[in-house]
């Protein structure tokens, strides 16, 4: 009997050791530092809840977090891949997916996604963000939400100017026409106190993504040619786009000169909330909460079936495609636990989870848009913007392209430099360094 007890004890020990050996540890890299407060803390709380729920449902998988800065996480993945340092699950930027595809630091998740039902895939694939996760034929990222932009406007200012707040502009010409009527110098000092159209042309990616790109697309041009792998923003369409933006400031005088300075948040969001601009082009879905907090809308955030516009509303200009993006979730190419990592991703992407993810912005899963709270005119306009949105060019040097276009527009708008010549100069500088990739 004693011998049997020893054997039994040994068996239990071996069993426990084998179970321990089967346990998997994976790392999840994100940028929601709880010490950052505000939205970062709110998103970190959601991440903690998600990791806890996943581990309770999967006791054989332990998830630990890695926290980086939002603008460094993609670079960290690439640099560590080159240094042979592995990671597992990582949040990733859609604008930098071409660079990841070129470097090869993210694993191909296609063999997992192909096992999803057609309904599951279509729940994601409707969005332009989905395609940004497919590089060189590989599924290296899956979107976690939808961030898009459109034009916000003050309904009360429209009424004061004799404009119907239920009939916003439907073309670029009408945007200018409305903006002229909405620009006011209330204290007669020669400088408008209320600008008709808020735009941002500062030293930021927002300049190319939210202002120059939609207009060059409208005129039939593009920023970069995927076939020649060259920048083409100095085309006839590019000149027309830059001229239209220039005229807003210097010819029509409906957009302030200070649009070339400051930050995107200050010039677009804060000016709009403070009544300095009647229309704000490039207004992001991530600011919907601010409209609710200011009382400009009611029952919109959190979304309710009764949600409605009060002082502020939004519109999409037909044939104007706004930049649409969102954070993607990926698996590092050096991960030794791809199966477990994908299991975590699939838990992360469950509809009921994404619905409560603060940084998802608007829903990425099309089925969520069928909920009653998203059937209001306000959210239907956002869905239209998302569906017609576009991604940035698929160059591995997108960051450099964005900086180049921003610098060109800065020179044109701040120094009134000749448009065609300036665009060509900057286009040549970019192509001399980065053409072909």
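Details
- Condition check for residue 417: surrounded by 22 or more Cβ atoms within 10 Å (Cβ to Cβ) and either modelled with pLDDT of 95 or more or assigned to a helix (DSSP H, G or I) (or both): no
- Any hit, segment 280-287, residues being at pLDDT below 95, in contact with a helix residue (DSSP H, G or I) (Cβ under 8 Å, 6 or more places away or on another chain), assigned by TED's automatic domain parsing to the domain that holds residue 403 and over 30 Å from residue 396 (Cβ atoms): yes
- Residue 408 being in contact with a strand residue (DSSP E or B) (Cβ under 6 Å, 6 or more places away or on another chain), buried (at least 19 other Cβ atoms within 10 Å of the Cβ), modelled with pLDDT of 95 or more and outside the structural domain of residue 103 (by TED's automatic domain parsing): no
- Look at segment 232-255: where a residue is at positive phi and a partner is surrounded by fewer than 22 Cβ atoms within 10 Å (Cβ to Cβ), sitting 6+ places away or on another chain with Cβ atoms under 9 Å, you get 253/180; 253/183; 253/192.
- Residue 275 at pLDDT 95 or above, within 30 Å of residue 368 (Cβ to Cβ) and surrounded by fewer than 24 Cβ atoms within 10 Å (Cβ to Cβ): no
- Those residues of segment 191-238 which are more than 22 Å from the chain's Cα centre (by Cα), within 16 Å of residue 404 (Cβ to Cβ) and part of a helix (DSSP H, G or I), in sequence order: 238
- Flag if residue 48 is at positive phi and outside the structural domain of residue 226 (by TED's automatic domain parsing): no
- Criterion violated by residue 403 - all others in (1) buried (at least 18 other Cβ atoms within 10 Å of the Cβ); (2) closer than 14 Å to residue 235 by Cβ satisfied: (2)
- When residues of segment 120-131 are limited to those that are touching a residue at least 40 places away in the same chain (Cβ under 8 Å) and touching a strand residue (DSSP E or B) at 6+ places or on another chain (Cβ under 7 Å), the one surrounded by the fewest Cβ atoms within 10 Å (Cβ to Cβ): 124
- Residue count, segment 338-370 (criterion: more than 28 Å from residue 118 (Cβ to Cβ) and in a loop (DSSP other than H, G, I, E, B)): 0
- In segment 307-338, the residues that are out of contact with any helix residue (DSSP H, G or I) (no Cβ under 9 Å at 6 or more places or on another chain) and more than 28 Å from residue 391 (Cβ to Cβ): 336, 337
- Of the helices (runs of 4 or more DSSP H) entirely within segment 52-119, those holding at least 3 residues that are in contact (Cβ under 8 Å) with a residue 40 or more places away in the chain occupy 73-82, 97-103.
- Selected residue [in a helix (DSSP H, G or I) and surrounded by fewer than 18 Cβ atoms within 10 Å (Cβ to Cβ)] from 427, 373: 373
- From the list 104, 110, the lone residue that is at positive phi and not assigned by TED's automatic domain parsing to the domain that holds residue 205 is 104.
- If you go through segment 146-190 and pick out every residue that is buried (at least 20 other Cβ atoms within 10 Å of the Cβ), in a helix (DSSP H, G or I) and touching a helix residue (DSSP H, G or I) at 6+ places or on another chain (Cβ under 7 Å), you end up with 2.
- Residue in segment 99-110 that is surrounded by fewer than 17 Cβ atoms within 10 Å (Cβ to Cβ) and more than 26 Å from the chain's Cα centre (by Cα) present: no
- Selection within segment 12-39 - modelled with pLDDT of 90 or more and either closer than 24 Å to residue 331 by Cα or under 20 Å from the mean Cα position of the chain (by Cα) (or both): 24, 25, 26, 27, 28, 29, 30, 31, 32, 33, 34
The values are calculated or read from the model by the stated rules, or taken from the named source; none is laboratory data. Worth saying up front: this structure is predicted, and the values here are computed from it rather than measured. Cβ coordinates were reconstructed from backbone atoms using ideal geometry, including for glycine residues, and neighbour counts include every protein chain displayed.
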